[in-house]
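K.L.:
This structure is in structure tokens; I'll ask about it shortly.
The values are calculated or read from the model by the stated rules, or taken from the named source; none is laboratory data. Since the structure is predicted, the reported quantities are computational estimates derived from the model, not experimental observations. Cβ: placed from backbone, ideal geometry, glycine included. Neighbour counts: every protein chain shown.
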Amino acid sequence: MIRRFSRSIALTTLVLAASYTFPTLAQTEIGSTSQSVELAEQPLDLPGIGLEIRLPLGSTSTQQTLNREVFAEVLGEDSLWRIQIASKTSSNKKLQAEDAAKQMREDLQKAYGASQPRGVDKDENFQSFATVLDDVAPLQFSGGIAYRFFLRQPAPSPSVPDTVRGVAVIAIGEGQMLVWDMTAPAENYDIAKAALDSTLKGVVAIDGNLSVPDREIALKTGHALIRGIDAETMREIFNSHGERWYRLYRNTESPGDETEIGYKSVRAWAGKRSDVGGRSSISAAEGKVRGYVVEIKARSLDENTTGADRIIYDTRGTYFVSEDFTKEAWDLVMIIKRGKQSTSYSEVGARDGFKELLITTSTPSGSNESFRQQIKEEGYLPMPLSLILHSILTETGATGDVAFYTYRSDASAVTFRHDAIRHDTENPGNFIHSTSVSMDSPRITKEVSPDGDVLREELPGNRVWERTSIDELVKIWRAKGLPMD
């Protein structure tokens, strides 16, 4: 997707190079400026990082996905500067943003270092041809701190101008950083610096409920809570869940005349690996592995089509995790119907251990795509547990904040989720459970009964999930002439 940030938010088509030196960028004779740069109202689309980023007016951005990670390339107005924005993960989970910025500055300076003089110890510092214009310093934004620096890098030949390199680092998780890499001709330093600093200062942390340190505490709390539930108790939670039906509708101005959007059934039980299917691809012994299973069957109606042309979405997903949480598998199928025509999509996933998930998706064209998602044991929440987490929290009597990393099929990625649960003071015995399934998703609030049943869940767009029974659901849908075949 390519987006131009201007007062009119016009679209343009522009291909951005991926190199780090840009001799074709425009140069200017404009003198030093300290004024801030006006930012566009429309934020940059970088999902899953928990930050709202607005770019300078007149700049152009291109987003792309590589190995399921999101990157952005930004070109300044009149091609005066260029920024690459990308998420980076360090094997050092304790790495801080300031330390990461200092290490990057050191590495860049070493890349332009002088030849090692004879007689000088190899570990002794020596001068770099890349000079520091502005050393690593903090810049405060709403909800966090960015650390950034600027260097002047010498040109490879006299015919090419020197460049300035501005790098900024923002911590977005444990060992996870969002890195900004700006390049501009040296003559454009003042303009580039003003653009980067204004953009950084305009960043807003979307999940204001948890700071980075609080996220780490919530992750450790969630991990300890789940691992503290013994297998017998977990089996009781899943077996007592049974099958529950929910109705999705949109509120209208007339009570009792809601617009039906969909429904679903959620069934959970203590079962075995073979309950997910795929018997031909697993051994008999593996199929007998005991664990916890959730099955969700759902139907939703496209609100923009009616009658014979109505589009219907049917999904069925079955999810399994072993009792020791080391093995996980799922099978998800979605069928899109329109009249007598239908197309299907599927996703299967599995893991053995805590290193990675292997996911394979298929489309109606018959093409398959496989990809991997890296995980680690601490903080990871298996999908069956994430789907009925509200039941687990209420039945164990937990209150407060917990957080996890879990895979989401709609995002094709492992994302951070934050859950908070408290007692409902207006309805003694019930709980109020709020959750956001990623760092930049809206918070969803549920009213939960003492046995972990969602009584009501409010969604954006005036939509509501409400507990019902299959008999009541059939009565409502048939009275409105809606398809349930």
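K.L.:
Go through the residues of the range 450-465 one by one and say whether even a single one is at positive phi and surrounded by 15 or more Cβ atoms within 10 Å (Cβ to Cβ).
P.N.:
Yes: the range 450-465 contains one or more residues that are at positive phi and surrounded by 15 or more Cβ atoms within 10 Å (Cβ to Cβ).
K.L.:
Now a separate question. Mind listing whichever residues of the range 388-404 are surrounded by fewer than 23 Cβ atoms within 10 Å (Cβ to Cβ) and assigned to a strand (DSSP E or B)?
P.N.:
GLY400, ASP401, listed by residue number.
K.L.:
Answer with yes or no whether SER300 is at pLDDT 95 or above and assigned by TED's automatic domain parsing to the domain that holds GLY461.
P.N.:
yes
K.L.:
Tell me the residue from THR305, THR343 that is assigned by TED's automatic domain parsing to the domain that holds VAL289, surrounded by fewer than 17 Cβ atoms within 10 Å (Cβ to Cβ), assigned to a strand (DSSP E or B) and more than 19 Å from the chain's Cα centre (by Cα), please.
P.N.:
THR343
K.L.:
Do we have VAL402 as among the aliphatic types (A, V, I, L, M) and farther than 25 Å from LYS376 by Cα here?
P.N.:
So VAL402 does not fit the description; no.
K.L.:
Tally time: how many residues in the range 351-387 are closer than 17 Å to HIS418 by Cβ and in a loop (DSSP other than H, G, I, E, B)?
P.N.:
Qualifying residue count for the region: 3.
K.L.:
Answer with yes or no whether PRO483 is in contact (Cβ under 8 Å) with a residue 24 or more places away in the chain, loosely packed, with under 12 Cβ neighbours inside 10 Å and not β-branched (Val, Ile, Thr).
P.N.:
Considered against the rule, which asks whether it is in contact (Cβ under 8 Å) with a residue 24 or more places away in the chain, loosely packed, with under 12 Cβ neighbours inside 10 Å and not β-branched (Val, Ile, Thr), PRO483 comes out as yes.
K.L.:
Tell me, yes or no, whether the range 316-339 has at least one residue that is assigned by TED's automatic domain parsing to the domain that holds ASP410, at pLDDT below 95, of a type outside the set (A, V, I, L, M, F, W, C) and part of a strand (DSSP E or B).
P.N.:
yes
K.L.:
Right, next: For the range 457-474, name all the residues that are outside any strand (DSSP E or B) and either farther than 16 Å from SER265 by Cβ or not assigned by TED's automatic domain parsing to the domain that holds ARG338 (or both).
P.N.:
Correct list: PRO460, GLY461, ASN462.
K.L.:
Search the range 435-448 for residues being farther than 18 Å from LEU46 by Cβ and surrounded by fewer than 17 Cβ atoms within 10 Å (Cβ to Cβ), and hand back the single one that is modelled with the lowest pLDDT.
P.N.:
Here the residue is ARG443.
K.L.:
Suppose we filter TYR263, TYR249 for residues that are buried (at least 21 other Cβ atoms within 10 Å of the Cβ), more than 30 Å from ILE145 (Cα to Cα) and in contact (Cβ under 8 Å) with a residue 24 or more places away in the chain; which single one remains?
P.N.:
The unique qualifying residue is TYR263.
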